[in-house]
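Have a look at the structure below, then the notes.
Taken together, the values in this text are just the output of simple stated rules run on the coordinates, not laboratory data. Everything numeric here is computed off the predicted structure, so don't read it as measured data. Virtual Cβ from ideal backbone geometry, glycine too; neighbours counted across all protein chains shown.
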Amino acid sequence: MSGIRDTVGSKSTRASLVTRRTLLVGATAAGGLALAWSVWPRDYRPNLTAAPDEHIFNAFLKIGDDGHISAIVPQCEMGQGVTTLLPQIMADELGADWRTIAVETAPINPLYANTLVVDEDSSVFMPRAGVPDFVQDVRSWARREWAVRHAVMLTANSSSVRMFEGPCRDAAAQARALLMMEAARRWDANWEDCDTQDGFVILGQKRLRFGELAAGAAGLEPPATPVYRASSADPLYGKELTRLDLPAKVDGSANFAGDIRLPDMVYAAIRQGPLGATRLKSINRKAGLASPGVLHVVEHERWVAAVARNWWAANRALDRFAPLFETKGTPISSKSIDSALKAALRADGYRIAKKGDVAGAMEGRPKISAEYLVAPALHASIETRTATAAIDGDGLRVWVATQAPAQCRDAVAAATGLAPGAVTLFPMMAGGSFDACLDHSVAVQAAIIAQQVKRPVQLAWSRAEEIMRVPPRAPARAKMVATLNAAGGIDALVSRIAVPPTNHEVRARLFDNIPSDVAQRAAAGSPDAAAVEGAQPLYAIPHVAVDHCPADIGLPTARWRGNADSYTAFFTECFVDEMATRAGSDALSYRMAMLGDAPLLARCLLRAATLGSWEGGIAGSAQGLACHAMRGSYIALLATARQSDKGIQVEQLVAAVDAGRLVNPAIARQQVEGGLIFGLAAAVGATTDYEGGVATARKLHQLGLPKLSQTPQILVEFLESDREPGGLGEIGVPVVAPAVANALFAATGRRIRRLPLSAHPA
């Protein structure tokens, strides 16, 4: 076995985002609404704007004299329903009438920092092995403090409800208390004897509308601690309320970045060179400017943009400009990527997680191994990267869908030479993202173009540009090694995973504005626990080790829906299935025997098997199982799939999910169903080859995505739970590929150990 380092070496990385300077600046480590409640308005103030008839209660709520309630949402709406879920939490605690709820996007402010995702991500990023608890506590405090001070308003990791349920409920409790105080003042009563219901403050037969009380209530001093509403006979929490964003999306009135129209606006298309250390060498300026409708050309060291009266003319003109790029080093190719993964798997790695004594358990015993391979995975969202920018006096206005608004604003400011305060960012809804909107290149480019042409400009990437330039989820290769006990169960398991240290790259790009190729080269060779997240299974295996083998593939990589769990679950669940077959055991029984310490996952597995009429995985049954846990949620999936002359046919997906309390069961189901379809896309396609430093695919139909007619029957059942809400946006993704692969083995007797499953089965 290749050498393993039990501790992370001293190689310089960007793992730590906290400096002495940043730690010594600012106020408390509380973060979130805890900070808003305790020190507002002395420290971080809400920077909301209000109409003459509106009244700001706190950072999350405004109430108008007409009774309308504006719920302030600090997360990017990208289809996950956050602009309904967070308002639903607030409306329930407030005792509001759902028909009076409106939504407003939060401005950039430390009060909305997502301290949870920063803490979670960093705790995974920096391995815990051998680190005392008190050190971990200090690290956690520092990470959360850093997130607040830098207004890190990330939308990621299925964290929206998990992070903001508490702050939203506290904000609503505060506003509710103020409304009751104002009503009690008018009634000469004790405010704690009052209650709220359907948009009224009530006391016996007395009733006053929220709108009548708003002006007076907003000026009162709130109680020192939140006073929560007693259980309601008809709570909004847990109801399948209609999504607030649905009507606008149905009738087409919803505005995305590409819907912005400004006076005198022009349109831009862009051409960027091959991946890697690429520079623009030359263009045919004369021919390009002669193209119909072209107004300007903007050259940058890394790209060229054509500006025209419409986007079609701008994009067509790029061919006439005929840009030439030069790239240092050997161009990236699928062959070079595969070679780099193989080399990394053979080299020394870093032991990220361990349990028991793996070396002792395996010594002198027969070892069973299998290798698995996953290709890069593309985001393939419907909306390509788009931004609109306009000069505003000495400043700049930018409209863009972003999952990191403060960092996007700061990147625009740095690129244009402006102070961050001179850049006004308007966060838009995203037409899908899957973490692609963590990249703010398009906003920076639009801002630079607007500065040069001195007119409002809308830049939209073509589909080809999107496929070629948005970094994909990393490819990975894994070697799974196990020894079995006398009964055929797994006694020891080593998961060696060769994959780039994506988290280092993403952090450098997101927080330090480092170009993709530079970030990729700087990160090469660094250990990254997040790159193998999800590889340590919940199964009761006595001896377990997870190794990260950093792969320098030359290709910049990015976060993606499900992140590392999207491939680590494939490795583990396929390998466990192989071990079950080797032991002559039913795949369900084999898993259940190892889930004694994971009752929630075991419950999901039994339920999925029952719902899907599990036949024992016998030859010809075409049924396969997989289960996984992430972000506080648990899922088990039974897939039915077959090979046909038309390729892989997935007939049915039956999922059982425990995601804790559900704010809105309908949205929860949408998220899991969407995750399952996304996972299916990754199982059968969602990838491209690379040649000469560029992706070979140019259009969506070349990515092998499943069509609507190929969508299987999907059944999702949520298991009743009173646990804290778990994440829902990603939980459906990781289980699809292994369940389908295991189903295909049951149907054909052949193991497929690579993704996409349709590519050269092993």
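Largest first and in whole Å, the equivalent-ellipsoid semi-axes of the range 345-471 read 46, 17, 12, each the square root of five times a Cα gyration tensor eigenvalue.
The convex hull drawn around the Cα atoms of the range 201-339, when projected onto a plane and averaged over every direction, covers 19.6 nm².
Using the Cβ-Cβ distance between D394 and T105 with R0 = 30 Å, the FRET efficiency computed as 1/(1 + (r/R0)^6) comes to roughly 0.75. Dividing the C-alpha radius of gyration of the range 612-762 by 2.2 N^0.38 Å, with N its residue count, gives 1.09. In this entry, the range 409-468 is assigned a mean projected area of 4.7 nm², taken as a quarter of its C-alpha convex hull surface. For the range 687-734, the Cα gyration tensor yields ellipsoid semi-axes of 36, 17, 6 Å (square root of five times each eigenvalue, largest first, whole Å). With the simple spin-label model, which puts each label point 7 Å out from Cα in the Cβ direction, the K335 to A540 separation comes to 5.1 nm. Subtracting the Cα-Cα distance of R346 and L700 from their residue separation scaled by 0.36 nm leaves 123.9 nm. Using 0.36 nm per residue and subtracting the Cα-Cα separation, the extra length available between S621 and S589 on full extension is 9.9 nm.
Report the Stokes-Einstein translational diffusion coefficient (µm² s⁻¹, integer) for the chain, Rh taken as the Kirkwood radius over Cα pairs, at 37 °C with viscosity 0.692 mPa s. Once the numbers are plugged in, D ends up at 120 µm²/s. Dividing the convex hull volume of the alpha carbon atoms of the range 66-198 by its residue count gives 137 Å³ per residue.
Take the Cβ atoms of R750 and R463, set R0 to 45 Å, and the FRET efficiency comes out at 0.85. Under a plain spin-label model, where a point goes 7 Å from the Cα along Cα-to-Cβ, how far apart in nm are A233 and R207? The answer from the label model is 1.3 nm. Beyond a 32 Å Cα-Cα separation, which of these cross-linked pairs lie in this structure: K646/K699; K249/K646; K249/K699? Over 32 Å apart, Cα to Cα: K249/K646.
Within the chain, what percent of beta bridges assigned by DSSP are antiparallel, to the nearest 5?
Of the beta bridges lying entirely in the chain, close to 70 percent run antiparallel.
On the principal axes of its alpha-carbon atoms, the range 494-557 has extents of 43, 20, 13 Å, going from largest to smallest. Using θ = phi - 60° in the Karplus curve 6.51 cos²θ - 1.76 cosθ + 1.60, the 3J(HN,Hα) couplings for the range 534-551 round to x, 7, 8, x, 7, 4, 7, 9, x, 10, 9, 9, 10, 10, 9, 10, x, 10 Hz; x is entered for Gly and Pro.
Find the centroid of the Cα atoms in the range 700-727 and in the range 575-654, then give the distance between the two in whole Å. Spelled out, the Cα-based centre of one part sits 16 Å from the other.
The alpha carbons of the range 353-408 give a radius of gyration and a Dmax of 25.4, 75 Å, in that order. Subtracting the Cα-Cα distance of D722 and E221 from their residue separation scaled by 0.36 nm leaves 177.0 nm. Computed from the Cβ-Cβ distance with R0 of 41 Å, the FRET efficiency linking S253 to L715 stands at 0.75. In this simple spin-label model, placing a label point 7 Å from the Cα along the Cα-to-Cβ direction at both A419 and D645 gives a separation of 7.2 nm.
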